[in-house]
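Everything below concerns the one structure shown next.
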Amino acid sequence: MRVLAFVIFVASTTAITGAQTTAASTAPTTSPASAAAPAPDTTSKPPTPEGYSYDPAGRRDPFLNLLGSGAGATSTSRKGEGASGIAVAEVSVRGVLQSHNGLIAMVQGPDNKTYIVHQGDKLLDGSIKTITAQGLIIEQDVNDPLSVVKQREVRRLLRGLEDAK
């Protein structure tokens, strides 16, 4: 049995290295079991690793990192961070608070997060001009090249006051 395993080992190594010797000539013939075993075919070569290519067929590559390398990662925010990434049309006033410096407002963006804003804070396409007890007065930048007016005043009232109208 050991001789048969040795013959198979020698035959497989000669097929990989491409040597022209046969397994029968290198193996010792001490047992009749080795003579009865057929010699393996040494003419067919196993596929080489250089010829291998992965065909995903619509599936992900299993060898790629699932978390990403960070080089092609984009930020989750599409415009900016915080209230400066919210457009004037997307602002919803949730509350107005009195602080020791004046009034501050709580606004909600399209991501359903609430932000605290002060007078003079910048938004994506405007800035907060005034905070009143009823809501916000926002100065919006007009992005229309045909318009004569470059800024307009937009009033955003508290949600309860908007529903009453």
Out of (1) surrounded by 10 or more Cβ atoms within 10 Å (Cβ to Cβ); (2) modelled with pLDDT of 90 or more, the one Gln98 does not meet is (1)
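So that you can scan it fast, the table gives a plain yes or no per residue for (1) in a strand (DSSP E or B); (2) over 17 Å from Glu153 (Cβ atoms):
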| residue | (1), (2) |
| --- | --- |
| Gly95 | yes, yes |
| Gln98 | yes, yes |
| Leu103 | yes, yes |
| Ile116 | yes, yes |
| Gln119 | no, no |
| Ser127 | yes, no |
| Thr130 | yes, no |
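On the given criteria, is Leu158 over 22 Å from Gly80 (Cα atoms), surrounded by 13 or more Cβ atoms within 10 Å (Cβ to Cβ) and either of a type in the set (A, V, I, L, M) or modelled with pLDDT of 95 or more (or both)?
yes
Quick check on this structure: which one of Glu81, Glu50 is within 30 Å of Leu123 (Cα to Cα), loosely packed, with under 10 Cβ neighbours inside 10 Å and modelled with pLDDT of 60 or more?
After applying the criteria, what remains is Glu81.
So which residues in region 132-146 are part of a loop (DSSP other than H, G, I, E, B) and either under 36 Å from the mean Cα position of the chain (by Cα) or buried (at least 16 other Cβ atoms within 10 Å of the Cβ) (or both)?
Val142, Asn143, Asp144, listed by residue number.
The values are calculated or read from the model by the stated rules, or taken from the named source; none is laboratory data. Keep in mind it's a predicted model, so treat the numbers as computed, not measured. All Cβ positions, even for glycine, are placed from backbone atoms using ideal geometry, and neighbour counts span all protein chains on display.
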